DNA sequence: CTATCATTGTGACCAAGAGTCATAATTCGC
DNA sequence: GCGAATTATGACTCTTGGTCACAATGATAG
């Protein structure tokens with residue numbers, strides 16, 4: 001049965017990826033070796049290289065899956081019913097929930113994004129990776145367009161939609177990167193990084209006069225609303241996950 | 001003469017670092033090999049390892065120098081005579097000039113900051129690296145403190161000085177990271193990344209009501225002023241550098 | 001059921017690069 | 001100039017990414 005064989009190979013590939021991901025998260029980029037994957041999965045290196053042209057190929061595949069998952073979550077959030085700025089907040093909430101729910105995925109993306117890793121990845125795969133980001137970017141951009149159309153936002157003198165998008169993106173991305181070791185956060189007295197990023201985004205949106213301003217609308221309430229409806233499932237799993245992490249042993 | 005020998009060894013170490021830096025920038029992290037440095041400098045690998053405990057040691061040393069240089073430039077800029085927000089703008093201008101003047105340095109910092117590289121660096125060196133960032137962070141934080149003391153700024157309801165600092169930092173850092181390949185900027189229609197970052201920072205500062213607001217004071221003029229006085233030398237070299245880059249061949 | 005062909009799996013093997021160390025060369029203090 | 005200390009050397013090991021000729025397996029035809 002040709003179909004059965006096909007299925008078997010698919011499962012085998014998934015196994016490679018799963019083990020690769022575990023090694024990457026457990027022992028870092030250098031802890032992930034093709035020989036180890038082969039040994040653990042009980043296949044030979046040759047078989048592994050039969051599917052993935054090189055280590056980077058495998059690792060980019062892992063990253064693609066993370067990005068795909070995030071994209072789908074953000075895309076879903078963008079459909080929140082509300083004014084554009086509320087929907088932007090929904091995207092932010094989704095991004096935060098994704099990061100809280102799958103911090104390993106954020107780390108995978110962070111590891112893979114580094115030049116030292118990326119420089120060995122062929123161009124074709126790199127653009128595959130970037131496509132996800134472009135998609136998220138355009139998601140945000142069209143929301144800003146809509147806000148302008150809606151009369152909620154007027155572009156600042158020398159600003160453009162893409163500028164604003166870029167600034168929000170940089171803020172979120174830079175913040176995530178700082179959380180993952182770019183800055184010694186605890187030494188700097190930053191305890192609530194996610195909150196700080198969210199607040200930063202609101203400052204920025206207030207700064208361009210995107211209505212309703214945070215002084216006009218209670219965005220904590222909006223966030224709560226989003227968490228209780230659109231992201232109900234994710235929010236539940238986040239609180240489960242984080243409560244487990246905070247109390248590993250029973251009293 | 002002991003001094004002469006000492007001097008000779010110092011020069012040798014500088015040579016190692018210079019060649020290492022060249023290889024790193026020319027051929028990426030994997031293009032930089034200890035054997036190549038040894039071959040080019042006409043020393044043996046043993047001698048090289050006599051000075052640097054490992055490849056990462058050398059590479060972190062390179063990064064430290066970049067950070068030190070940037071820190072000194074930002075520290076200088078923070079002394080600009082003006083109200084706190086103007087001085088913050090001066091820091092921003094300095095950061096931009098540093099990045100424009102030494103884009104290679106930004107790239108070195110970016111390469112070194114990656115987890116795949118950092119994971120092989122012993123903790124002691126990592127904290128040495130982080131100290132520079134902490135310094136810049138506190139530079140910014142004390143400026144915000146001063147703004148509050150001065151009555152120019154009132155902290156938003158749930159915001160803290162560190163939050164604001166963190167947000168500005170993330171925005172700048174994330175933007176720089178995007179410029180270095182995190183985002184396909186040209187495909188997204190972003191042409192003036194530096195401007196976009198600067199504008200983003202102003203939006204953010206306006207958003208928290210940091211006076212004088214950008215509607216009250218012409219910050220383009222402030223920036224120009226900074227470039228013509230505090231950063232006169234750097235600005236001149238930047239324009240030289242960039243005009244050379246833009247017209248590589250004579251007409 | 002067997003012969004043939006195509007697909008998939010294997011592990012010995014190679015190359016490259018990080019890091020080591022016994023030994024050689026050099027320099028310094030006297 | 002001589003012994004001690006410092007510095008330089010490059011052959012060597014070890015790890016890891018990647019290859020390839022060959023073996024095993026399974027599908028198909030007669």
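Each value in this text was obtained by applying a stated rule to the coordinates, not by laboratory testing. Please read these numbers as outputs of a predicted model, since none were measured by experiment. Positions of Cβ are generated from backbone atoms using ideal geometry, with glycine treated the same way; all protein chains shown enter the neighbour counts.
Summary of computed values
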read-out: Simple label model, 7 Å out from Cα along Cβ direction - residue A:50 to residue A:228, nm; value: 5.5
read-out: Rg to Rh, two decimals, where the range B:1-89 supplies the alpha carbon set and Rh follows Kirkwood; value: 1.18
read-out: Residues A:165, B:66, sorted so that the one with the fewest Cβ neighbours within 10 Å comes first; value: B:66, A:165
read-out: Calculated FRET value between residue B:69 and residue A:155, using beta carbons and R₀ = 41 Å, to 0.05; value: 0.65
read-out: Sequence ranges A:97-108, A:207-218, ranked by mean other-Cβ count within 10 angstrom, highest first; value: A:97-108, A:207-218
read-out: Theoretical FRET efficiency, 1/(1+(r/R0)^6), r = Cβ-Cβ of residue B:42 and residue B:14, R0 22 Å, to 0.05; value: 0.90
read-out: Two-decimal Rg to Rh for chain B - Kirkwood Rh, Cα set; value: 1.02
read-out: Pair residue B:134, residue B:180: separation of 7 Å Cα→Cβ label points (nm); value: 2.2
read-out: Kirkwood Rh in Å, taken over all unlike Cα pairs in the protein assembly as shown; value: 24.8
read-out: Inter-chain Cβ neighbour average for residues B:206-214, partner chain, 10 Å; value: 4
read-out: Relative packing of peptides B:27-39, A:172-184, A:128-140 - highest average C-beta neighbours within 10 Å first; value: A:172-184, A:128-140, B:27-39
read-out: Per-residue mean of C-beta atoms belonging to partner chains within 10 Å, peptide B:109-118; value: 6
read-out: Full-stretch length increase - residue B:27, residue B:218 - with 0.36 nm per residue and alpha-carbon distance subtracted; value: 64.4 nm
read-out: Estimated translational D of the range B:96-225 in µm²/s (Stokes, Kirkwood radius over Cα pairs; 10 °C; 1.306 mPa s); value: 95
read-out: Averaged over A:153-159, number of beta-carbon atoms from partner chains that fall within 10 Å; value: 3
